[in-house]
2 protein chains.
Amino acid sequence: MGASMTMAEASIEQWGVFEAGLAGPQEGNPFTEVELAATFTQGDRAVKVRGFYDGQGVYKVRFMPDSPGEWRYRTESNRPSLDGRCGEFRCCAPSAGNHGPVRVAQTFHFAHADGTPYRPLGTTCYMWTQAPADRQAQTLQTLRGSPFNKLRMCVLPKRGYVPREDSATAYPFEGRPQAWDFTRPVPAWFANFERCVAELGKLGVEADVILYHPYDEGVLGLDRIHGADEDRYVRYLVARLAAYRNVWWSLANEYDFIETKTEADWDRLFQIIQAEDPYGHLRSIHNGRVLYNCTLPWVTHASLQIGSAVADFGRAELLRDAYRKPVIYDEVKYEGALGKRWGNLTAEELVCRFWFGTIGGTYVTHGEVVGSSRATPAWTGLGGELRGQSPPRLAFLRAVLDGAPGPIEPIDKWQDLRTAGVAGKYYLVYFGREAPTEWAFELPEAGLTEGQTFRAEVLDTWNMTVQPVEGVFSLRAIGEYRFADAAGRRIPLPGRPYVAVRITRAD
Amino acid sequence: MGASMTMAEASIEQWGVFEAGLAGPQEGNPFTEVELAATFTQGDRAVKVRGFYDGQGVYKVRFMPDSPGEWRYRTESNRPSLDGRCGEFRCCAPSAGNHGPVRVAQTFHFAHADGTPYRPLGTTCYMWTQAPADRQAQTLQTLRGSPFNKLRMCVLPKRGYVPREDSATAYPFEGRPQAWDFTRPVPAWFANFERCVAELGKLGVEADVILYHPYDEGVLGLDRIHGADEDRYVRYLVARLAAYRNVWWSLANEYDFIETKTEADWDRLFQIIQAEDPYGHLRSIHNGRVLYNCTLPWVTHASLQIGSAVADFGRAELLRDAYRKPVIYDEVKYEGALGKRWGNLTAEELVCRFWFGTIGGTYVTHGEVVGSSRATPAWTGLGGELRGQSPPRLAFLRAVLDGAPGPIEPIDKWQDLRTAGVAGKYYLVYFGREAPTEWAFELPEAGLTEGQTFRAEVLDTWNMTVQPVEGVFSLRAIGEYRFADAAGRRIPLPGRPYVAVRITRAD
């Protein structure tokens, strides 16, 4: 992804990044004074994108073609040297592993543009793009060997930030702490960020890009962007990043803890992104204590910080009902042993929360602060290496989900809180912290008829074992709402917590 | 409330029903052809209300004055005999027990217009207004001796309805089953309904008036009102009922099970009510399996059917967060022993659900189908007498709530799921189905400082006992998030389920 060039490339893969570079004026303030856009056309279709100034007299226009064949473009600008420039390129088939951007699918789930299911199993490295280059490389190496396919990451640094490079590219804007010139972004800062996004894309990891956070509290002052500066910052980000297929827009982390913005500001920023991003990348906002109204049309999915919602049965699903959109519990507390209660989950508890979320038809995101200190920063801060015990168990969960015939849905919501799957075909029955020694084979009636047969396996989600149960189970109705095994068979269970039964059709 | 008269009464209490009766044309169809409205003025204020045809050449205009003093009115009509009619009346102070209509207060709660807190403790008698007169009287008598202060009740009958009176007033519209003339409401039908509303008002019971339900399925065909007929039905209801201070508008029971209407229909009906009701009575809609978007501006509070949301800790509150409005779990399954799972709760379980709802900062509504048969219809169908074991326990809960210094709020939401109350002043710690034998005195930190002292009582919410705990508890901080008794005292508990500890400030 993201090859840079002077004018145009001969061939760009579908959902790849086409980039046109144009020479233009350097005088004055090119960020505020020069307007540049380009309209890309294919047959009857026309897609207009904003260009951006990349410094040193170079302007760029990026575009993500979503269908193969010839594309043409023509620029518009208030400067003659950038206006009416034309070009064309050929869009070829996507390469292996390129399934296009992720969209909402089946109301509560996700799929890539080519229809490939996407099941979020995210993690969090808020500031990894600001780490030294060797640590960035280590983060990517770690992700390569991990089950994670989404990464939450901030654009802006926070208090305590140590610039990783020379002062010319140390910050996202010209100026100095507390005295920024928000009219002059530093292109090298954003180029580093987008290189990180592109590297994630190569790994098949979605970049959940966080535009704002409350962790500076005015110390650096980079969080004090307002009004026209703010709108320009957001448009600049979209112009640079939207052509990367793996971008998601997360307006903020803990938005309601950012005291310098109102709800109307967030509404406006959402609408700017909606208007500027021609590809409709996913849009969300992450809460502190107050939930944003995720039913609003510019929110594509709920990105929630509510650990307790995935800490027991029957909770995760309720917010899905309220929003009628996919729900990702993007912060559920982190694996670690900090004095702070947001960072003191055992690995067992964190893995259990992923399963409660899964059984509720929702998704959960990982974070860890295991063994963190100044010398060994936490994964969830600066990236690096994973030290927790949960990731292998989350890889086990991912393998389970990848083997399911469809998205995991509650089968009899508000009634049977531990059974989910694909009605009539596939079930996961999860027991959480309970440690049963047996389970009477029984399922909610949706999609079932008498005589259907199923096989079962016992999954130990912590010890990562799959134990097939001998024989098949043949259904008979019991009452109006349930089916059981006709012979009344019970499945022996190991008497340990974190066990599930997986049930698949045998006929 | 609701005295009828020819022209005007000398004096109407604040939030009482003023009614002006006017003689007008009988020819043609007065319901569709005659327009009537009146504007009531007091000083600079003007409130316009729709009038309605009440049959036999009588037209009426009703008005609920919300401030004392002189009020004048003037009618407008497309018929000369009804146009430009003027009158005046004096509004006097409200009588004892009249606190005005109920409004949303403190985001998640309710209060009467005069500021008196209103804590919903509702019950359900869907079809009581259609029962014979002696049964209606019995229902009112039962309510008088009950803890309930809200009643869910349908306007329209359902399949199996047995008309309670002579055929001329047996149905809400002229015509016959499957062949209704929806342009001609039967005033006597609605007069009976509004008399029932008025009687509830005298008892201090809010009438949660349900405009539609899915329980006819076209058999009578009264549920097949559409288009202009539907809008006229809703406007007629509002014109007749809105002046009754205890009216709430519930657009439907199980709205999503009504297959002949779309979401856009419900949106439109909400907006009609919002436009027609000058008093802004509470507006909600009750779901089957799909939740209506309760964040929409015309919804004042969420009226939910989700029994599981109040069947354990940590669930009820989540939907309050999503909606940022009061939440009433208006159907949580009924006390009874029916084969249907919606009617098979033990009294213990139903009472427990009220407590889970309370601890979540929400409200719960009662229903019972105890001992029901054709000979002894269920309370929740036709009213009559309560036969369940839950109502006395709900009276106990109501006494607890009435004794609290403010609305019950989760104190440390998403963290401490069993503690609620008024931070720094008053706490309820509920143990649900657990049966602990002791509890270490410990509270979330909000509003607390070291050295503050509290008293405690042990409440057995099922056996309805209050046992004071000897001595006072003096606070010391334990870690960042909690306070405990400085002496580490533990409170002995009876080892039974359904126990709570009530904690009040002693200093």
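FYI, it's all coordinate maths here, none of it is from the lab. Only a predicted model underlies this, so the values are computations on that prediction, with no experimental measurement involved. Note that each Cβ is placed from the backbone with ideal geometry, even for glycine, and that neighbours are counted across all protein chains shown.
Using r as the Cβ-Cβ distance of B:GLU27 and B:ASP181, and R0 as 25 Å, what FRET efficiency do you calculate, to the nearest 0.05?
According to the calculation, E is roughly 0.95.
How far is B:ARG74 from itself in the other copies, in nm, if each label sits 7 Å out from Cα along the Cα-Cβ line, shortest first?
Label point to label point, same position, other copies: 6.3 nm.
Can you compute log10 of I(q)/I(0) for the protein assembly as shown with the Debye formula, treating each Cα as one identical point scatterer, at q = 0.05, 0.09 Å⁻¹?
The computed values of log10 I(q)/I(0) come out as -0.38, -1.13.
With respect to the symmetry axis carrying chain B onto chain A, which residue of chain B exhibits the smallest Cβ distance to that axis, and what is the value in whole Å?
B:ALA322, 2
Treating only the Cβ atoms of Lys and Arg (+1) and Asp and Glu (-1) as charged, compute the dipole magnitude of the protein assembly as shown about its Cα centre; round to the nearest 20 debye.
In total the dipole reaches around 920 debye.
Would you work out the relative contact order for the stretch B:1-116, in percent, from Cα pairs under 8 angstrom that are 6 or more residues apart?
27 percent
Can you list residues whose amide H is under 5 Å from A:ALA378's amide H, if they're 5+ apart or on another chain and H is modeled 1.01 Å from N?
Amide H neighbours of A:ALA378, under 5 Å, 5+ apart: A:SER373.
To the nearest 0.05, what FRET efficiency results for B:GLN141 and A:ALA506 with a Förster distance of 51 Å applied to their C-beta separation?
The pair B:GLN141/A:ALA506 has a calculated efficiency of 0.25.
How big, in percent, is the set of alpha carbon pairs in chain A lying more than 33 Å apart?
Roughly 43 percent, once rounded to a whole number.
Every other copy gets compared here: list the nm distances from the B:ARG268 label point (7 Å along Cα to Cβ) to its counterparts, shortest first, one decimal.
3.6
Filter the cross-link list B:LYS158/B:LYS340; B:LYS333/B:LYS413; B:LYS261/B:LYS333; B:LYS202/B:LYS340; A:LYS158/A:LYS261; A:LYS340/B:LYS325 down to pairs whose alpha-carbon distance in this structure exceeds 28 Å.
Pairs exceeding the cut-off: B:LYS202/B:LYS340; A:LYS340/B:LYS325.
From the helices alone, meaning DSSP H stretches of at least four residues, give me the mean residue ellipticity at 222 nm for chain B, per-run term -39500 (n - 2.57), in deg cm²/dmol to the nearest 500.
-6000 deg cm²/dmol
Give the aspartates and glutamates whose C-alpha is closer than 20 Å to that of A:LYS425, dropping any in the same chain fewer than 8 places away, or say none.
Straight-line reach from A:LYS425, under 20 Å: A:ASP402, A:GLU409, A:ASP412, A:ASP416, A:GLU442, A:GLU445, A:GLU450, A:GLU457, A:GLU470, A:GLU480, A:ASP485, A:ASP507.
For the stretch A:321-406, what relative contact order do you get, as a whole percent, if you take Cα pairs closer than 8 Å and at least 6 residues apart?
Averaging sequence separation for qualifying contacts and normalising by length gives 26 percent for the stretch A:321-406.
How big is the gap, in Å, between the Cα center of the stretch A:345-421 and the Cα center of the stretch B:239-294?
40 Å
Calculate one ³J(HN,Hα) per residue across the stretch A:34-51 by plugging θ = phi - 60° into the Karplus curve 6.51 cos²θ - 1.76 cosθ + 1.60, and present them in order as whole Hz with x for glycine and proline.
Each residue's phi maps through the Karplus curve to give 9, 9, 8, 9, 9, 10, 9, 10, 8, x, 7, 8, 9, 10, 9, 10, 7, x Hz.
List, in order, the whole-Hz ³J(HN,Hα) value for each residue of the stretch B:354-368 obtained from phi through the Karplus relation with A = 6.51, B = -1.76, C = 1.60 and θ = phi - 60°; use x for Gly and Pro.
So the J values, rounded to whole Hz, are 4, 6, 4, x, 4, 5, x, x, 10, 10, 10, 10, 8, x, 8.
If we hang a label 7 Å off Cα along the beta carbon direction at A:ASP402, how far is it from the matching labels on the other copies, in nm, shortest first?
6.3
Label-point separation (nm) for B:ASP44 and B:THR169, each offset 7 Å from Cα along Cα-to-Cβ?
4.6 nm
How large is ³J(HN,Hα), in whole Hz, for each residue of the stretch A:426-433 in order, when computed from phi with the Karplus curve 6.51 cos²θ - 1.76 cosθ + 1.60 and θ = phi - 60°, using x for Gly and Pro?
These are the phi-based 3J(HN,Hα) values: 7, 9, 10, 10, 10, 10, x, 7 Hz.
Show the residues, 5+ positions off or on another chain, whose built amide H is closer than 5 Å to the amide H of A:CYS91.
When sequence neighbours closer than 5 places are left aside, the close amide H contacts are A:ILE12, A:GLY69, A:GLU70, A:TRP71.
Under 18 Å between alpha carbons, and skipping anything fewer than 8 positions from A:LYS60 in its own chain: which aspartates and glutamates qualify?
List returned: A:GLU9, A:GLU19, A:GLU27, A:GLU33, A:GLU35, A:GLU76, A:ASP83, A:GLU88, A:GLU194, A:GLU276, A:ASP277.
With Cβ to Cβ distances under 13 Å as the rule, what net charge do the other residues near B:VAL327 carry (K, R +1; D, E -1)?
Around B:VAL327, the surrounding residues sum to -2.
Restricting to Cα pairs below 8 Å that are 6+ residues apart, what does the relative contact order work out to for chain B? Please round to a whole percent.
Here the relative contact order equals 11 percent.
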